[in-house]
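The values are calculated or read from the model by the stated rules, or taken from the named source; none is laboratory data. Please read all numbers here as calculations on a predicted model, not as lab measurements. Cβ coordinates were reconstructed from backbone atoms using ideal geometry, including for glycine residues, and neighbour counts include every protein chain displayed.
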Amino acid sequence: MANSGFLLTCSLVVLVINVVNGQPLVPALILFGDSSTDVGNNNYLETLIKANFLPYGRDFINHEPTGRFCNGKLATDFTAENLGFTAYPKPYLSKEAKTPSNMLLGANFASAGSGYYDPTAKLYNTLPLSKQLELYKDYQQRLVALVGKVNASATINGSIHFISDGSSDFVQNYYVNPLLYKKYTTDQFSDILIQIFANFVQELYKLGARKIGVTTLPPIGCLPASITLFSEDTNKCVDKMNQAAVAFNKKLNATSQSLQAKLSNLTVVVLDIYQPLLDLVNKPIENGFFEARKACCGSGLLETSFLCNSKSPGTCANASEYVFWDGFHPTEAANLVLSNDLLASGLNLI
């Protein structure tokens, strides 16, 4: 163990040296998923799942809302900075995403309210994963036109492809949808999602991706909205939901290892956000937080999107004291903690 800690420290030192030299550690970042990685794609869709108004973004650059479901930066924003990028990939549905300089940074296809399971996105009129894949193919064609086939292939091969998905499938679909929870056990529904994940990774591989990071499910039973909706004791995490997340994450690990063994030169790293976020929820004071059950925005129980707005009563003055910003999403301060864990566990991708 001492040895592995030493190696981790050395690797982090190398990262810092490279970043100080002004060189991003990978050519580009390609991001897929849901509201944990959406930086504004939903601004361009006719959906109620939006965050392009205050108080969202109040602690972001220039105190402006962008469509991020947070008071400030997402964990993936911090990850981009840790990798040496001085700007973030733009939402692909925006015009800015197609400028040459932004194309070279990568692209962000994530859409709040979507999941592995396409019907989840269709409930909220957001971008399903299958549509995100189509947009990625469009990005690749534009990249080839910009830098040529050889350079585009090298960029895609060397880039980190990041997937953060699945929470909406459970919290905003399965557990509230009798058409699903009466038809499938959580185990069966997990199997459906895992198969979609496996197919998606294989599609990315065919398109040239060789470095893929995928986040686990967080402790979905500890989200303020989950506690409000499903907890019999209003202050406790919902055990059955957390158990479903743990079971899903085990399958995600096993499937990722299997894909890596099957596809040559592929690195798939499962990035655990379950335990780090659970630690913040269970031990907020020890981790520098004051409140881990209620969120900052409004009453902090169910609010997200338009239910968290500039007229929301009681929105907290200092979000850095809170683990959750709204009913579903961590604050910038919590995202910073999560991003440090992502960096440590994602070293194999660099």
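Summary table
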read-out: Unique residue being modelled with pLDDT of 95 or more, assigned to a loop (DSSP other than H, G, I, E, B) and not hydroxyl-bearing (Ser, Thr, Tyr) when the list is GLY208, GLY213; value: GLY208
read-out: Qualifying positions in the stretch 59-118 - in a helix (DSSP H, G or I), touching a Ser or Thr at 6+ places or on another chain (Cβ under 9 Å) and surrounded by fewer than 18 Cβ atoms within 10 Å (Cβ to Cβ); value: GLU81, LEU104, ASP118
read-out: Answer residue from the stretch 147-194, given it is acidic (Asp, Glu) and out of contact with any Leu (no Cβ under 8 Å at 6 or more places or on another chain) and is nearest to PHE230 (Cα to Cα) among those; value: ASP187
read-out: Neighbours by Cβ (under 7 Å, 6+ apart or cross-chain): first from the stretch 251-278, closer than 18 Å to ASP191 by Cβ and part of a strand (DSSP E or B); second of a type in the set (Gly, Ala, Ser) and at pLDDT 95 or above; value: VAL270/SER256
read-out: For ASP165: the one exception among (1) touching a Gly at 6+ places or on another chain (Cβ under 7 Å); (2) farther than 23 Å from ASN82 by Cβ; (3) of a type in the set (Asp, Glu); value: (2)
read-out: Selection count where residues are part of a helix (DSSP H, G or I) and surrounded by fewer than 17 Cβ atoms within 10 Å (Cβ to Cβ), scope the stretch 231-245; value: 3
read-out: Contacts under 9 angstrom Cβ, first residue in the stretch 209-230 being free of Cβ contacts under 8 Å to residues at least 60 places away in the same chain and surrounded by fewer than 22 Cβ atoms within 10 Å (Cβ to Cβ), partner assigned to a helix (DSSP H, G or I) and among the charged types (D, E, K, R), 6 or more apart; value: PHE230/LYS240
read-out: Cβ-Cβ under 8 Å pairs, at least 6 apart or on other chains, the stretch 288-316 side closer than 18 Å to GLY221 by Cβ, far side modelled with pLDDT under 70 and among the aliphatic types (A, V, I, L, M); value: LYS294/LEU301; ALA295/LEU301
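So that you can scan it fast, the table gives a plain yes or no per residue for (1) out of contact with any strand residue (DSSP E or B) (no Cβ under 9 Å at 6 or more places or on another chain); (2) modelled with pLDDT of 95 or more; (3) among the charged types (D, E, K, R); (4) over 30 Å from ILE350 (Cβ atoms):
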| position | (1), (2), (3), (4) |
| --- | --- |
| VAL270 | no, yes, no, no |
| GLN275 | yes, yes, no, no |
| LEU278 | yes, yes, no, no |
| GLY288 | yes, yes, no, no |
| CYS296 | no, no, no, yes |
| ALA317 | yes, no, no, yes |
| VAL323 | no, yes, no, no |
